[in-house]
Amino acid sequence: MNKFLAYFTLVALIFLEIYSGVRLLTNPAEFTGSLVMIFGGIMIFIGLVSLLRSLQVKTDSHNLLPYRLGFFGGILDIIIGVCCIVLRDRIVELIPGIMMIIGVIMVIAGIHKVRNYLFLKDIGIHRSWLVILTAILTIILGILIFINPFTATAAAWSYAGYFLIVAGVFDLFTLIFSLIL
């Protein structure tokens, strides 16, 4: 029975992985909103557990600081969870802005790589062409992401969707072949 439950759980996770990939490809905004709501629900649950655990302490304890932090941390977790559920559409709308920030970070990282290339060249390491190549590619990709964050977001969701589908199919074949052999 335990073996059946283990395989059933594994197969369910594989199909959830494939389903998530298909949902990411077909409707990424709705899927992302669902993930934000799930995250909000988890935060509310964690907050309630922290809140209840902090209320169970005896008042004559010498060190109440961890329990007070658990109480306020629980309240903060609940507030974050409720905000995620209530403001899920707003959070999803922030993703292109986050992509713009990632683009800026990539440009800064590319500039830092150029500095590394110049340093390596100054100390006599002439075979550092790979550093300058990755620096140029990082800067170009960062600029492209910054200029067009919506396309970058769609591409990221597409790659994630394809990856989840392919990984799920490989996991399914691995499970089937492990059962056969």
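The values are calculated or read from the model by the stated rules, or taken from the named source; none is laboratory data. Not measured: the values here are computed from a predicted model. Positions of Cβ are generated from backbone atoms using ideal geometry, with glycine treated the same way; all protein chains shown enter the neighbour counts.
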Kindly indicate the residue of segment 26-42 that is surrounded by fewer than 17 Cβ atoms within 10 Å (Cβ to Cβ) and under 14 Å from residue 159 (Cα atoms) and also nearest to the chain's Cα centre (by Cα) among those meeting that condition. 27
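Conditions (1) closer than 30 Å to residue 153 by Cβ; (2) surrounded by 16 or more Cβ atoms within 10 Å (Cβ to Cβ); (3) at pLDDT 85 or above; (4) not small (Gly, Ala, Ser), marked per residue:
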{"residue": "45", "(1), (2), (3), (4)": "yes, no, yes, yes"}
{"residue": "56", "(1), (2), (3), (4)": "no, no, no, yes"}
{"residue": "61", "(1), (2), (3), (4)": "no, no, no, no"}
{"residue": "71", "(1), (2), (3), (4)": "no, yes, no, yes"}
{"residue": "79", "(1), (2), (3), (4)": "yes, no, yes, yes"}
Selection status of residue 90, at pLDDT below 90, among the basic types (Lys, Arg) and out of contact with any helix residue (DSSP H, G or I) (no Cβ under 6 Å at 6 or more places or on another chain): no
I'm trying to understand the selection: among the residues of segment 1-23, which are over 21 Å from the mean Cα position of the chain (by Cα) and among the basic types (Lys, Arg)? 3
Name the pairs: first residue in segment 37-57 and free of Cβ contacts under 8 Å to residues at least 24 places away in the same chain, second residue in a loop (DSSP other than H, G, I, E, B), Cβ to Cβ under 8 Å, at least 6 apart or on different chains? 57/64
